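Data first, discussion second: the structure below is written as structure tokens.
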2 protein chains.
Amino acid sequence: MSPTATSDPDASTVDRLMQAAAQAFAEKGFHATTTRDIASGAGLSPAGVYVHFGSKEELLFNLSRSGHESALRLLRRAISEGSTPTEQLETLMARFTEWHVEQYQVARVVQYEHHHLTPEHHAEVLALRKEMDSLVRDVLDRGVADGTFSVDDSADTALALLSIAVDVARWYSPTIKRTPTEIGATNAALALRLVGAGR
Amino acid sequence: MSPTATSDPDASTVDRLMQAAAQAFAEKGFHATTTRDIASGAGLSPAGVYVHFGSKEELLFNLSRSGHESALRLLRRAISEGSTPTEQLETLMARFTEWHVEQYQVARVVQYEHHHLTPEHHAEVLALRKEMDSLVRDVLDRGVADGTFSVDDSADTALALLSIAVDVARWYSPTIKRTPTEIGATNAALALRLVGAGR
DNA sequence: CAGGTAACTAAGCGCTTGCTTAGTTTCTCT
DNA sequence: AGAGAAACTAAGCAAGCGCTTAGTTACCTG
């Protein structure tokens, strides 16, 4: 193992490259990260990256797509676990927030680096993003329909809810003392307030 | 005027450089922007930038600092115009949101590019950011103290309020039909809900 | 254990980057 | 008008970039 490697040395080379890229992209952004940064972070020579990925952008795309997919799975699971809109919103907001804390490096790539993808790749992740958006809006609409939520506009409110969760990736730092669970619970409580539920 | 210039040709050279830099940094990020992009955006040769700014980072710093200062002034003014915490929060949220819409290019630089500053410059803008944070928290605390607001934790709630406003810079695009005033009013209403005011 | 394949590296190519230098034009002031 | 300063450009340098090439090592299969 190279002395500069920062990712888990027991993981597969592809996984180490993804880890190293996630860390570097999250820390400095896509363009400020060099392929040499990624290679040495994974314990490889500069050329080693190209055995597994055709380009730096392809690495970003793989990271971005798998990150979006895991966030989307998480949202769907949270919704399926709740039996009422209130439970669904509460679980969704807690889990989605926790994910942004625990996976804050991947989350930053997901939220802030996707515009550096090629137009084709960008379109693909934008579809996943729209899907997330409408999952949240649907929960709100069901809550409004059955009278438990009161919101002026479900699209605006869904956007604000996502803003609160997504913005965690911007301000979170591992030096912060609050646990993912605590931050998730706080945001879930704020979400219920925003939709006028639970009183 | 060079055929590639995109900024107002009647503005001073320094202003044109700041405009061109704001546009480029907002669109592609600090590192993906070249000094040649900025120069040609301002209608200058590549060397023309260095007559007015010592480095690309100095240009980012000037933009970032003046952007933070104008946002801070706006917050202070909004607070001074209201006579109750409710009025202050409502005005503050509306104006701060409107600023993120109208100045969305500068706002993106302010919110997303400040970590590319040198440590000294970064520290300087971080002080301004903390000041914004505490202005909002103080309004909440006064509202809690006089009984008009009910919040669990004023720091968490202030952060969520800022998230909703700041995140506008991430999702806003000039192709969106809603006016700055409409978006500001929406966010102001959401803010009052979040603090349990006005019912 | 030979033969083939996949993983990896050393070296470096062509290009772009931030910025400098040396010189020219434009403006200001007496 | 003429001197001095400020604004600006043409040309280009050193360094760093993404990525390739040619070759070596490690591994799997029959």
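Of note:
- Enumeration of residues in segment A:38-49 that are under 23 Å from the mean Cα position of the chain (by Cα) and within 9 Å of DNA strand D (Cβ to nearest atom): A:38
- Among the residues here, residue A:72 qualifies as under 14 Å from the mean Cα position of the chain (by Cα) and surrounded by 15 or more Cβ atoms within 10 Å (Cβ to Cβ).
- Considering B:36, B:65, B:73, the condition of being away from every other protein chain (no Cβ under 14 Å), of a type in the set (Lys, Arg) and within 16 Å of DNA strand C (Cβ to nearest atom) is satisfied by B:36 alone.
- Residue check for residue A:155: assigned to a helix (DSSP H, G or I), surrounded by fewer than 17 Cβ atoms within 10 Å (Cβ to Cβ) and either of a type in the set (Lys, Arg) or within 14 Å of chain B (Cβ to nearest Cβ) (or both): yes
- Condition met for residue A:178 (at pLDDT 95 or above and under 23 Å from residue A:72 (Cβ atoms)): no
- The residue that is nearest to the other protein chains (Cβ to nearest Cβ), among those in segment A:6-33 that are part of a loop (DSSP other than H, G, I, E, B) and within 10 Å of DNA strand C (Cβ to nearest atom), is A:31.
- Count of segment B:130-152 residues, restricted to those that are surrounded by 18 or more Cβ atoms within 10 Å (Cβ to Cβ) and within 30 Å of residue B:32 (Cα to Cα), is 1.
- Against the list (1) in contact with a helix residue (DSSP H, G or I) (Cβ under 7 Å, 6 or more places away or on another chain); (2) buried (at least 19 other Cβ atoms within 10 Å of the Cβ); (3) more than 14 Å from chain A (Cβ to nearest Cβ); (4) not basic (Lys, Arg), the condition residue B:117 fails is (3).
- Matching residues in segment A:34-49 - criterion: being in a helix (DSSP H, G or I) and of a type outside the set (A, V, I, L, M, F, W, C): A:35, A:36, A:37, A:40, A:41, A:46, A:48
- Residue check for residue B:20: among the small types (Gly, Ala, Ser), surrounded by 20 or more Cβ atoms within 10 Å (Cβ to Cβ) and within 16 Å of DNA strand D (Cβ to nearest atom): yes
- Failed item in (1) of a type in the set (Gly, Ala, Ser); (2) buried (at least 18 other Cβ atoms within 10 Å of the Cβ); (3) within 16 Å of DNA strand C (Cβ to nearest atom); (4) within 14 Å of another protein chain (Cβ to nearest Cβ), with residue A:107 passing the rest: (3)
- Only residues that are touching an Asp or Glu at 6+ places or on another chain (Cβ under 8 Å) and surrounded by 17 or more Cβ atoms within 10 Å (Cβ to Cβ) were counted across segment B:165-183, and they come to 4.
- Scan of segment B:168-199 for residues that are within 10 Å of another protein chain (Cβ to nearest Cβ), touching a residue at least 24 places away in the same chain (Cβ under 8 Å) and not in a helix (DSSP H, G or I), ordered by number: B:195, B:196
The values are calculated or read from the model by the stated rules, or taken from the named source; none is laboratory data. Worth saying up front: this structure is predicted, and the values here are computed from it rather than measured. All Cβ positions, even for glycine, are placed from backbone atoms using ideal geometry, and neighbour counts span all protein chains on display.
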